[in-house]
Structure formats: C-alpha cells, structure tokens
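Working notes, structure below.
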Amino acid sequence: MHTEGTHGEDMYFKETDTLLFVGDSITDAGRDRTDSASLGSGYVNEIARTLHERTNGGPGPAVVNRGISGNRVYDLEARWSTDVIAHRPTTVTVKIGINDTWRRYDSGLASPIDEFEACLDGLLAGTTRELSARLVVITPFLLPVTTEQEGWFEDLTPRTEAVLRAAKANGARLVRADLAMRDARERYEAAELARDGVHPSPVGHRIIADAWLAAVGSAATPVPRG
C-alpha cells in the first residue's frame, strides 16, 4: 500500500475529535444532504466503520462528510467557512482536483494549475491558522477506460504535482490514492475499480479507505478512555 509523503508521528484520535472530509463526488458518494450525519456509501463511510470497529466498543471520533458532487477547488473555497471551519474539526481531509481536469475536456472550463494550487494552498494554510487542525490530503486519480481519457493526464499529472506541493507546504499527511489505484490495476480491470474511470466502485472506495488508514498510521487505535 502506497503511503508516500506521510511524515511525523502517527495520528491518535479521541472521542472528542471530529474528522471532517471535504471534496467532490468521490467524497460525497451519494450522501443524504438532508441528514447532516449521512456519510454516503464511499470511502468516508468505510473509514468511519473501520475506526468504529477498532474502538473496542467505544464510539470513536465523530466523522463528518461535506463532499459535494461536481465540485472544483473554487467551489470548496466558496463554502469553506460554512462546510469546514464552522464544524471546528480537529482533522480535515481534502480530496479535490479531478473535476478541475474533467471540466477542461467536457466543458472547456479552465482551471489553470497555478491558480488551482494557490487556491488549495490558501485553504490548507487558512485552516491551520484558524483551527490548528491536522490536515490530510488525498491525491486525485484517473483510471482511463476510454482513449479520450488517456489524454487527460496532460492536465492531471501537473495538477497532482500541485496537490503534492500544497500538501507538503502545509505539513499535511498525504494519501496517494493515485498510486494505490494504479497498484490495484494489477488485480482488477480499470472498470472494476471505477466504471467511468473516475467514480470508484465499492472495491475502489475500499482501496482509498485503506490508503487513508495506512497513511494516518495508528489513527485506528484511539487513545483509551479514562
């Protein structure tokens, strides 16, 4: 399992911690917007379930999903105050970037790499200043299922590098979903991991969840109560 870019000591979570996940449809995963506790059916739910299973009967940390399908980094910026800061999370996980690439090819909507990076860097830096929250960044990924999608890497590769730079600059723990999904191609066809090359299958979501759990180290073993 790839966990490149991780650094520092393992994270430990208490029952009073709040783990907030924010991003696009991959994070959203069909969550019920009318239910603030809904985690969707994707990697966020898998992480929450695994953390709960490892608490030996305790509730574990609170988990909040604020992914919204279709979001680009600028959409995150517009709702950051209400969907991230207002929850006062102790750990913030961000997964963004694939729509910034996708919209270039299906809608001609540009997201210049330098502007994308500056926006993401600003969100991470601001969160650390306002909350002193621990940061986790998940890289975007693509598993091409069409010839056209092969060409998206012209945009996605430098965008992923921008994500890596922003994460490093802000001391974020890094989850290399791109490498984890690439490695999974040794066992699965691309469409088995993400039917359209972008949106993960249940197997794909579990791979992302496992990559997150591996990257944060001992996060799955909360500090004992008492």
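The values are calculated or read from the model by the stated rules, or taken from the named source; none is laboratory data. Model, not experiment: these values are computed from the prediction. Here the Cβ positions follow ideal geometry from the backbone for every residue, glycine too, while neighbour counts run over all protein chains shown. Accessible surface areas use protein heavy atoms only, side chains included; no ligands, DNA or RNA. Shrake-Rupley method; radii C 1.70, N 1.55, O 1.52, S 1.80 Å.
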Given the conditions (1) under 14 Å from the mean Cα position of the chain (by Cα); (2) farther than 18 Å from N99 by Cβ; (3) open to solvent by 10 Å² or more (accessible area, probe 1.4 Å), report the number of the one that E192 does not fulfil. (1)
Of the residues I68, I98, I138, I113, which is at pLDDT 95 or above, touching a helix residue (DSSP H, G or I) at 6+ places or on another chain (Cβ under 6 Å) and open to solvent by less than 10 Å² (accessible area, probe 1.4 Å)? I138
Quick count over the range 151-189, residues being among the charged types (D, E, K, R) and within 14 Å of the chain's Cα centre (by Cα), is 3
Please specify each residue of the range 6-58 satisfying the condition of being among the aliphatic types (A, V, I, L, M), in a helix (DSSP H, G or I) and more than 13 Å from the chain's Cα centre (by Cα). A48, L51
Residue pairs meeting the criteria (Cβ under 8 Å; at least 6 apart or on separate chains; first touching a residue at least 12 places away in the same chain (Cβ under 8 Å), in the range 54-78; second among the aromatic types (F, W, Y) and outside any strand (DSSP E or B)): G60/F13; P61/F13; V73/F116
Could you tell me which numbered condition V203 fails, if it satisfies all but one of (1) assigned to a loop (DSSP other than H, G, I, E, B); (2) within 30 Å of G60 (Cα to Cα); (3) over 15 Å from the mean Cα position of the chain (by Cα)? (1)
In the set A211, A169, A215, A219, which member is aliphatic (A, V, I, L, M), modelled with pLDDT of 95 or more and surrounded by 17 or more Cβ atoms within 10 Å (Cβ to Cβ)? A211
Applying the selection to the range 145-161, what residues are touching a Phe, Trp or Tyr at 6+ places or on another chain (Cβ under 8 Å) and either in a strand (DSSP E or B) or more than 22 Å from H205 (Cα to Cα) (or both)? E148, G151, D155
